[in-house]
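**Student:** Before I ask anything, here is the structure I am working with.
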Amino acid sequence: MAKGGESEWVEGGEGREEKKVGGGPGGRVAAHSGPSGGSAMRRVTLFLNGSPKNGKVVAVYGTLSDLLSVASSKLGIKATSVYNGKGGLIDDIALIRDDDVLFVCEGEPFIDPQTDSKPPEGLLGFHTDWLTLNVGGRYFTTTRSTLVNKEPDSMLAHMFKDKGVWGNKQDHRGAFLIDRSPEYFEPILNYLRHGQLIVNDGINLLGVLEEARFFGIDSLIEHLEVAIKNSQPPEDHSPISRKEFVRFLLATPTKSELRCQGLNFSGADLSRLDLRYINFKMANLSRCNLAHANLCCANLERADLSGSVLDCANLQGVKMLCSNAEGASLKLCNFEDPSGLKANLEGANLKGVDMEGSQMTGINLRVATLKNAKLKNCNLRGATLAGTDLENCDLSGCDLQEANLRGSNVKGAIFEEMLTPLHMSQSVR
């Protein structure tokens with residue numbers, strides 16, 4: 001025994017000296033390597049803090065930092081401290097003996113694996129009502145009842161309804177692993193907690209909806225669909241103005257095909273514009289002013305031209321199949337193409353139209369409706385009017401030479417002052 005209350009001893013098996021400094025109960029333990037065995041290999045068993053299972057046997061070399069690095073690699077954590085089995089913090093590599101059992105932590109307090117007081121399930125995965133989820137690397141602590149009670153038929157409810165159902169799919173902290181997006185999962189978890197859909201700014205509702213569908217949260221799906229619908233900006237159905245369309249025309253190369261399918265031009269002034277070859281299929285051109293416009297070879301199939309003014313328009317080779325031009329004015333229009341390309345108005349609704357004085361040689365008006373229409377002084381030579389409804393139509397002064405009127409309805413039609421006689425073979429009604 002040394003003077004001053006100091007005691008010292010040497011453990012020869014390890015080649016290491018330990019010295020207790022200070023005679024009182026508050027002494028500290030220090031160690032240093034002896035001259036004979038400082039480089040001897042030691043083996044220790046490492047466990048996660050609080051867990052007596054799945055240990056790793058490693059060799060101890062170098063410094064304490066080296067041991068923490070090895071522990072991090074072996075246990076898959078970011079090790080910051082090491083405790084012995086009694087909860088003592090190891091701050092010197094020399095304090096470690098051969099075959100020691102050590103517990104590695106990430107900064108949390110020491111948890112005795114032998115104690116009866118068990119930590120929350122978020123740490124070690126014990127099956128209490130509290131549990132922790134690792135969703136895409138982010139931790140969420142909640143209760144089993146939160147995940148089960150609100151939506152008992154959901155995937156989350158089936159996952160956590162019975163203890164042990166999730167098997168060993170837990171990380172090193174005992175948190176249950178779920179490979180989904182944490183930012184979209186958070187609003188779902190909050191909804192299960194209080195029944196309200198609350199989404200932070202910057203979170204895409206479509207992403208939350210996809211997660212809700214994945215987890216089978218049916219009542220939340222309905223809320224999200226309504227929220228997404230309400231968040232969409234209202235569709236702009238306002239008509240395109242002349243100024244906007246002219247700017248569009250000027251910015252488009254002359255050889256490019258212009259597609260205006262389904263666009264709304266209702267009430268627009270498009271008079272005297274060059275609209276050749278433009279595709280207006282199914283467009284809304286109702287009440288438009290198209291007087292003197294050049295619509296040569298334009299596609300107006302199924303377009304709405306009701307109430308529009310097309311007086312003196314160039315309609316050579318135009319396609320107006322099944323279009324609606326009821327009540328429109330087409331006086332003095334030119335449908336006649338010298339090259340032989342015929343305008344096609346088959347199946348068009350032309351009720352009450354005024355086409356007086358129009359040039360319509362060879363036009364196709366098959367099964368079109370011209371009830372109560374005015375076709376006075378029109379050139380209809382070689383026109384196809386088979387199956388056309390001409391009831392109460394004014395055809396006085398028309399040239400119907402070689403026109404095909406077979407199957408047409410001419411009830412109440414006016415044929416006064418015809419330029420050429422109408423043969424019986426041309427009409428069977």
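The values are calculated or read from the model by the stated rules, or taken from the named source; none is laboratory data. In this text, all values refer to a predicted model and were calculated from it rather than measured experimentally. Don't worry about glycine lacking a Cβ; one is built from the backbone with ideal geometry, like all the others, and counts go over all protein chains shown. Just so you know, the surface numbers come from the protein's heavy atoms only, side chains and all, with ligands and any DNA or RNA stripped out. Shrake-Rupley method; radii C 1.70, N 1.55, O 1.52, S 1.80 Å.
**Student:** Accessible area per residue for segment 344-405 in Å², computed with a 1.4 Å probe and the full protein assembly in place, what is it?
**Tutor:** Working: 1960 Å² over 62 residues.
Per residue, segment 344-405 has 32 Å² of solvent-accessible surface.
**Student:** Here is a further query. Over 27 Å apart: what share of the alpha carbon pairs of segment 159-304 falls there, rounded to a whole percent? It would help to have the intermediate numbers written out before the result.
**Tutor:** On the way: 5687 of 10585 pairs.
Looking at segment 159-304, the distances longer than 27 Å represent 54 percent of pairs.
**Student:** Each residue of segment 299-308 in order: what ³J(HN,Hα) in whole Hz does its phi give by Karplus 6.51 cos²θ - 1.76 cosθ + 1.60, θ = phi - 60°, with x for Gly and Pro?
**Tutor:** Calculated HN-Hα couplings, in order: 9, 10, 4, 6, 6, 9, 10, 4, x, 7 Hz.
**Student:** On average, how much accessible surface per residue is there in segment 247-318, in Å², for a 1.4 Å probe, leaving out ligands, DNA and RNA?
**Tutor:** Working: 3440 Å² over 72 residues.
Computed with neighbouring chains in place, this is 48 Å² per residue.
**Student:** Cα centroid distance between segment 345-401 and segment 270-307, in Å?
**Tutor:** Each part's Cα centre sits 19 Å from the other's.
**Student:** Place the peptides 56-67, 267-278, 313-324, 77-88 in order of packing, highest mean first, counting for every residue the other Cβ atoms within 10 Å and averaging per peptide.
**Tutor:** Output ranking for 56-67, 267-278, 313-324, 77-88: 313-324, 267-278, 77-88, 56-67.
**Student:** How much of the accessible area of segment 223-363, in percent, comes from carbon and sulfur atoms when a 1.4 Å probe is used?
**Tutor:** 49 percent
**Student:** Oh, and also: Which entries in 53/161; 281/351; 161/229; 53/150; 319/411; 281/376 show an alpha-carbon gap greater than 31 Å? Intermediate values should be presented prior to the final figure.
**Tutor:** Values: 53/161 26 Å; 281/351 20 Å; 161/229 34 Å; 53/150 35 Å; 319/411 28 Å; 281/376 29 Å.
From the list (53/161; 281/351; 161/229; 53/150; 319/411; 281/376), the Cα-Cα distance tops 31 Å for 161/229; 53/150.
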